[in-house]
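Take a look at the structure below.
The values are calculated or read from the model by the stated rules, or taken from the named source; none is laboratory data. Everything quoted here is computed from the prediction, not taken from an experiment. When we count neighbours, we look across all protein chains shown, and the Cβ atoms used for this are built from the backbone with ideal geometry, even at glycine. Surface areas here come from the heavy atoms of the whole protein model, side chains and all, with no ligands, DNA or RNA. Shrake-Rupley method; radii C 1.70, N 1.55, O 1.52, S 1.80 Å.
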Amino acid sequence: MSAVSKAEQTRLHILRKAQEVFSKKGYFLASMDEICKTAGVSKGSVYYHFKGKQDLFLAILEQYSLDWMNKWQELSKDTTDAKSRLLAIARHFASDLDSPMNKAVNEFAGSESADPEIWEKLIQINESYIPVVRSIIADGVESGEFRKGDVDQMTLVTFGVLAGIGAVCQMSGLEDPVVFHLTGIQLYLDGLGA
C-alpha cells in the first residue's frame, strides 16, 4: 500500500469519526480533543490533513454533499418523468432534515464566528444542489409537463420552495417532514403544470 493511499485512508477515517462527533455534539460542543480521541489519532495527524475545526467540518460537509448526490443518482433512476423526479427530490430533501449533521450545519450557519472563506464554501456546497433541480425543471419544460418559461428563474423558485418547506418543517418541528414536503411540492406542481 502506497503512502498516499494510507494518508487518504487516515484522512477518510478522521472524517468519519469527526462526523460522528459533530452529529452527536453539534458544531460548537465538538472539540478537536474529542475528535482525536474518537478517531484514535494524534492532533498532529488531524492538523496534517485539516487546518482546524472549521476546515474539518467543511470537508465533512463536502463529503456529505457528495454522498447526498450519489444517493440522489440512485433514487432518481426509477423516475420516468419530471413530476415524479421533483416529488422524489422533495422526499430526498425531507429525509435529510432530521439528520444530526443537518442540525450541526444549521448551528454552524447561524454562527457569526464562521470565517468568510468557509462561509463562501458553505454557500457553494448549498448551491451545488441547484443544477439537480434545474435538470428536473428543464426536462419538465421540454416534455411539456411544466409550462414554458425561464428555466433558470423557475429553477431558483423551485429550489426556494424546497428550502422554504424545509425551513418551515424545522421551525415547526413536524413529525413527518416527508409528507409535508410532498404536499407542498404537489401544490407547487399543480401551479407549475402545463
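Points worth noting:
- Among the residues of region 120-129, those identified as open to solvent by less than 40 Å² (accessible area, probe 1.4 Å) and part of a helix (DSSP H, G or I) are L122, I125.
- Cβ-Cβ contacts under 7 Å between residues 6 or more apart (or on different chains), taken from a first residue in region 103-119 that is open to solvent by less than 100 Å² (accessible area, probe 1.4 Å) to a second residue that is modelled with pLDDT under 75, are listed as F108/A114.
- Residue among D96, D78 that is in a loop (DSSP other than H, G, I, E, B), among the acidic types (D, E) and at negative phi: D78
- Any chance M171 is open to solvent by less than 40 Å² (accessible area, probe 1.4 Å) and free of Cβ contacts under 8 Å to residues at least 40 places away in the same chain: no
- Matching residues in region 124-147 - criterion: being under 17 Å from M69 (Cβ atoms) and either modelled with pLDDT under 90 or not hydroxyl-bearing (S, T, Y) (or both): Q124, I125, N126, E127, I130, P131, V132, V133, R134, I136
- Just one of (1) closer than 24 Å to K25 by Cα; (2) open to solvent by less than 20 Å² (accessible area, probe 1.4 Å) fails for A82. It is (1).
- Tallying residues that are surrounded by fewer than 12 Cβ atoms within 10 Å (Cβ to Cβ) and acidic (D, E) within region 141-155 yields 1.
- Candidate set from region 1-53 (those that are open to solvent by 30 Å² or more (accessible area, probe 1.4 Å) and in a loop (DSSP other than H, G, I, E, B)); member that is modelled with the lowest pLDDT: M1
- Tabulated pairs, region 125-143, first of a type in the set (K, R), second open to solvent by 50 Å² or more (accessible area, probe 1.4 Å) and in a helix (DSSP H, G or I), C-beta under 8 angstrom, 6+ apart or interchain: R134/D152
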